[in-house]
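Asks: Once you've had a glance at the structure underneath, I'll fire off some questions.
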Amino acid sequence: MNRSVQPTAASAVQSPVQATRLRTLQALGIFCGFAAGAWLGGAEAPIKLVNPDISPITVSLIMVFGVFLARWSVPAFIRGTSHVRNDVRQAPHLVVWAVLAGCMWAVANTLTIYAIRNVGLSIAFPLWNTNSLLGIAWGFLLFNELHYAGWKRWLGVLGGAVCMFAGATLLAIASSHQAAPGKAALGVCAALGAGILWGTMYIPYRKAYLTGMNPLSFITFFTVGELATMSVLAVVYRGMTPLWHELVGARAVLFWLMLGGFVWVIGDLFQQYATKYVGISRGIPLSNTNQLWGLLWGILVFHELRGGSQTVYAQVAGGSLLMALGAVAIALSSATEREHSSWQDAAQREGQRYGVEGEYVRAGMEGREMVGGDIQGRGFRGDPNTRTLLDWLLILVTTGLFAVLAVMAKLPHMDIALGWAVALTIAMLALLATCGIALWRTTRFR
């Protein structure tokens, strides 16, 4: 009797990825990192439109509701959610890791609210972007990143890290001139705390993508941890009745906060693909170009630092440029074929540890679809993922809810440069379109 033999994780992952395919995926990952920076940078801007009397816990809870809706409706729109079932069947252990990552994100996001309120967008962004330093460390220690990278790439990574430390120091000094008395230290600590949590959060990311899970599947479970953690924090620290009254009183700004959560999901999705195809040691620093977008939103749109001294402007500009140069130096130290083979060793280890089918692991690393146990050419034919009635309901409900909240929304009475806001929004949409098309043509969002 003939029996089909499924390849093990070891045999399927050991054969190297084609050099041309590897270069294409790395270029795509870099592009996704830039797009992630733009959308992650714009996601925090709506917080500036919110009355500072509203508790940061409540602000974060509302944002997480927007995140929850986006993390289900966006995958439903792109590919349909039926692929989630297939990924869970192959790697059920990753559901736990995704929920854990979501819990960490929720706490970190709350800390960013405190940071923005106390030291401003243009200061807080670069401080919490020290998460890239942790990403480099975890990538090297746990997932074989930078192994066999060569001295030039190590020099780029280490030189970039030094630049980022120097930039963070300049911005921390500048924050003491911009924050209210006694608030600068709280803002700096909150931003750095968020960076630590986000830097550690990337461990589940890399485990998921080395094993082969689709980012669109990962984020759906990720949001369960986000919403559960944020709901518990809100009820414990605010109390049910005060929380409800605050939510009712904030109905005029619900749209802006949930929009911030939705925009964050778009940026995070690009960040997930960057992490998948260029690793956390490169993808995360590249997406941390959001510091420059945060600087643009803070200074051009919300007039942060207006009236500041030349010294403050020099510190903020110099610190941001140093951190940006450091991130770019790290990101451009692209992986060689030999280093990528060490990533495959890590993927083999993960597959063997959890009993994941080898062809599934390899298909995920190559950005291809595994259908019926076989990788069909480029993986685009025979894709069983189709949109169901549930998918269309998710899309319609999310669209309708945002439309209702938009009608209720009001702009606060504050000095906002609408022209610059429109220009930055157009730039973000252009990156969304071009990077989205590139992802579709190269991987079909696999």
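Asks: Would you calculate a helix-derived [θ] at 222 nm for the chain, using -39,500 (n - 2.57) for each DSSP H run of n ≥ 4 and dividing by the full residue count, to the nearest 500?
Replies: Result for the chain, helices only: -25500 deg cm²/dmol.
Asks: Say each of Leu142 and Val162 gets a label point 7 Å from the Cα, pointing the same way as Cα to Cβ; how far apart are those two points in nm?
Replies: Going from the Leu142 label point to the Val162 one covers 2.8 nm.
Asks: Mind checking the dipole of region 14-124: about its Cα centre, +1 per Lys or Arg Cβ, -1 per Asp or Glu Cβ, Debye to the nearest 20?
Replies: Computed charge dipole of region 14-124: roughly 380 debye.
Asks: Per 0.36 nm of contour for each residue apart, how much would the distance between Leu411 and Arg353 grow if the chain were fully extended, relative to their Cα-Cα spacing?
Replies: 15.6 nm
Asks: Further question: Of Met414, Trp97, Trp128, which is farthest towards the positive pole of the chain's charge dipole, taken about the Cα centre with +1 and -1 on the beta-carbons of Lys, Arg and Asp, Glu respectively?
Replies: Positive-end residue among those listed: Trp97.
Asks: If you don't mind, there's one more thing I want to ask. List the aspartates and glutamates whose alpha-carbon lies under 17 Å from that of Lys152, not counting same-chain residues fewer than 8 positions away?
Replies: Those aspartates and glutamates meeting the cut-off are Glu337, Glu339.
Asks: Let me ask something else. Order the peptides 42-48, 154-160, 134-140 from the highest to the lowest mean number of other Cβ atoms within 10 Å of their residues.
Replies: With the highest mean Cβ count within 10 Å placed first, the list reads 42-48, 134-140, 154-160.
Asks: While we're looking at this one, here's another question. From the backbone phi of region 225-234, what are the Karplus-calculated ³J(HN,Hα) couplings (6.51 cos²θ - 1.76 cosθ + 1.60, θ = phi - 60°) in whole Hz, Gly and Pro given as x?
Replies: Per-residue couplings from phi come out as x, 4, 5, 5, 5, 5, 5, 5, 4, 5 Hz.
Asks: Let me ask you something else. Output the relative contact order of the chain, whole-number percent, from Cα pairs under 8 angstrom with separation of 6+ residues.
Replies: 36 percent
Asks: Right, here's the next one. Can you run phi through the Karplus equation (6.51, -1.76, 1.60; θ = phi - 60°) for region 88-95 and list ³J(HN,Hα) in whole Hz, with x for Gly and Pro?
Replies: 5, 5, 7, 9, x, 5, 6, 4
Asks: Using Cα springs under 10 Å in a Gaussian network model of the chain, which residue among Asp345, Asp87, Asp53 shows the largest mean-square fluctuation?
Replies: The residue with the greatest mean-square fluctuation here is Asp53.
Asks: Right, another one. Which of Val119, Leu390, Val265 sits farthest toward the positive end of the charge dipole of the chain, with +1 on the Cβ of Lys and Arg and -1 on the Cβ of Asp and Glu?
Replies: Working it through, the farthest residue towards the positive pole turns out to be Leu390.
Asks: Quick check: pseudo-label points 7 Å beyond the Cα along Cα→Cβ at Ser82 and Leu432, how many nm apart are they?
Replies: That separation, rounded to one decimal, is 2.7 nm.
Asks: Another question, if that's okay. Could you tell me which of Tyr354, Gly319, Leu332 has its Cα farthest along the dipole of region 295-356 towards the positive end, charges placed at Cβ (Lys, Arg +1; Asp, Glu -1), taken about the Cα centre?
Replies: The residue sitting farthest along the positive end of the dipole is Gly319.
Asks: Is any residue of region 327-361 close enough, with backbone N under 18 Å, to a label point placed 7 angstrom from the Cα of Ala19 along the Cα-Cβ axis, and if so, which?
Replies: Those under the cut-off are 334-342.
Asks: With +1 on each Lys and Arg Cβ and -1 on each Asp and Glu Cβ, and nothing else charged, work out how big the dipole of the chain is about its Cα centre, in Debye to the nearest 20.
Replies: Its charge dipole is roughly 540 debye.
The numbers here are math on the coordinates, done by the rules we state, and not lab data. Keep in mind the model is a prediction, meaning the values are calculated, not measured. Here Cβ is always computed from backbone atoms with ideal geometry, including for glycine, and neighbour counts include all displayed protein chains.
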